[in-house]
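A quick write-up on the structure given underneath.
The values are calculated or read from the model by the stated rules, or taken from the named source; none is laboratory data. Remember, it's a predicted structure, so these values are computed and weren't measured experimentally. With ideal geometry, Cβ positions are generated from the backbone for all residues, glycine too; neighbour counts draw on all protein chains shown.
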Amino acid sequence: MNNKKLIKIEFACLILCLMVLFLVVITGAKQDSEAWKSKGTTLFQSAKYDKALEAFDKAIEINPRDSVAWYNKGFALRKLGKSDEAIKAYDKAIEINPQDSRVWDGKGGALMELGKSDEAIKAFDKALEINSVDSVALAAKMHIWPLSH
C-alpha cells in the first residue's frame, strides 16, 4: 500500500472517530439536560421555586434549544412573582416551538398577572388556535373577557 492511500485511510478513520465522539458528547449533554429538567420539576412540585429555577437554568445552559426547559423556567418565575421575566422565558420557548399551546397559556397567565388583559387574550387565542380544546385558555378567557369589555 502506498503512503497516499495510507494517509487517506488514516484521515477517514480520524473523521469517523471525531463523528462518534461528537455524537457521544451530544447524547451525554442531552441526558444531562433532561436530568436537570427532571430535578427542576421535582423541586417545583415541592414548592422550592428558586431551586427549581436554578435547575431549569442549568438545563437551558446545556441545551438552549429545549423549549420545555424555557417553559418550565417561565412557570417557576411566575411562582416567584417575576411575571415580566417569565414572559421573556415564554417568548424564548415560543421562538423554539411556537406550536406548544401550554407555552401560550403560560404567557397569557403572566400577562394577566401584569394586568395586560388584551395581550393575555391574544396569547390565549393563540393557544386555542393551536389546540381548540385547551381548557386553560378557555377558562382564562372566560375569566378575563368580562373584565376587559
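What to note about this one:
- Search result, residues across the stretch 67-83 that are buried (at least 18 other Cβ atoms within 10 Å of the Cβ) and closer than 14 Å to residue 40 by Cα: 68, 69, 70, 71, 72, 73, 74, 75, 76, 77
- Within the stretch 44-99, being within 25 Å of residue 116 (Cα to Cα), part of a helix (DSSP H, G or I) and of a type in the set (Lys, Arg) holds for 73, 78, 79, 88, 92.
- Any chance residue 122 is farther than 23 Å from residue 34 by Cβ, surrounded by fewer than 17 Cβ atoms within 10 Å (Cβ to Cβ) and among the basic types (Lys, Arg): yes
- Which listed residue, of 40, 74, is among the small types (Gly, Ala, Ser) and farther than 25 Å from residue 124 by Cβ: 40
- Test: residue in the stretch 71-79 that is aromatic (Phe, Trp, Tyr), under 19 Å from residue 140 (Cα atoms) and modelled with pLDDT under 95: no
- Subset of the stretch 104-143 [of a type in the set (Val, Ile, Thr) and in a helix (DSSP H, G or I)]: 121, 130, 136
- Look at (1) under 22 Å from residue 120 (Cα atoms); (2) touching a helix residue (DSSP H, G or I) at 6+ places or on another chain (Cβ under 8 Å); (3) without any contact (Cβ under 8 Å) to a residue 12 or more places away in the chain and you find that residue 68 fails only one, number (3).
- Search result, residues across the stretch 88-114 that are over 19 Å from residue 134 (Cα atoms) and in contact with a Lys or Arg (Cβ under 6 Å, 6 or more places away or on another chain): 89, 96
- Tally, over the stretch 86-108, of residues that are surrounded by fewer than 23 Cβ atoms within 10 Å (Cβ to Cβ), under 18 Å from residue 56 (Cβ atoms) and of a type outside the set (A, V, I, L, M, F, W, C): 7
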